[in-house]
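The values are calculated or read from the model by the stated rules, or taken from the named source; none is laboratory data. Quick caveat, the model's predicted, so the values are computed rather than measured. Because the Cβ atoms are built from the backbone with ideal geometry, glycine has one as well, and the counts that use them run over all protein chains shown.
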């Protein structure tokens, strides 16, 4: 009775609410996973769990099962150690394993500066750069399309890129 009350308190006062149906699905998937592990001697895939549950008359997609299992997993603190030899100076934490490869503020600022630099170009220069770098056309293809020589395309492209570099 005491354990039940503690579980109910934790369930009702948790900051993240997971619906009962999702929790039930996750627990059924966990039971199925354990049964398949015992039967096969290896860790089953989500697809195998879904297939086994469907055979029992409880059909769910792999995505539903995967989402349900993620929903009941305990959150991990960024300050939890992943690896450590006992001394805090040599420990590797979760936050050390996660990185933002998007470039963050620097990329954002570079994009703004690039947009401003592109605004200073003529329409002809913008269209040449767009065809060259976004559409992947050669200088000869651009020259034929616009009706100028390849040398003129080269000069216009070079001049436009030089002005962009100066502004950046």
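Residues in the range 25-48 that are within 30 Å of the chain's Cα centre (by Cα) and either within 13 Å of residue 73 (Cα to Cα) or surrounded by 13 or more Cβ atoms within 10 Å (Cβ to Cβ) (or both): 25, 26, 27, 28, 29, 30, 32, 33, 44, 46, 48.
The number of residues in the range 9-50 being in contact with a helix residue (DSSP H, G or I) (Cβ under 6 Å, 6 or more places away or on another chain) and modelled with pLDDT under 85 comes to 1. Of the set (1) touching a helix residue (DSSP H, G or I) at 6+ places or on another chain (Cβ under 9 Å); (2) over 30 Å from residue 92 (Cβ atoms); (3) not in a loop (DSSP other than H, G, I, E, B), all apply to residue 6 but (1). Among the residues of the range 92-114, which ones are farther than 20 Å from residue 75 by Cα, modelled with pLDDT of 75 or more and outside any helix (DSSP H, G or I)? Correct list: empty. Assuming residue 60 fulfils every condition listed in (1) without any contact (Cβ under 8 Å) to a residue 24 or more places away in the chain; (2) assigned to a loop (DSSP other than H, G, I, E, B); (3) surrounded by 11 or more Cβ atoms within 10 Å (Cβ to Cβ) apart from one, which condition is it? The single condition residue 60 does not satisfy is (1).
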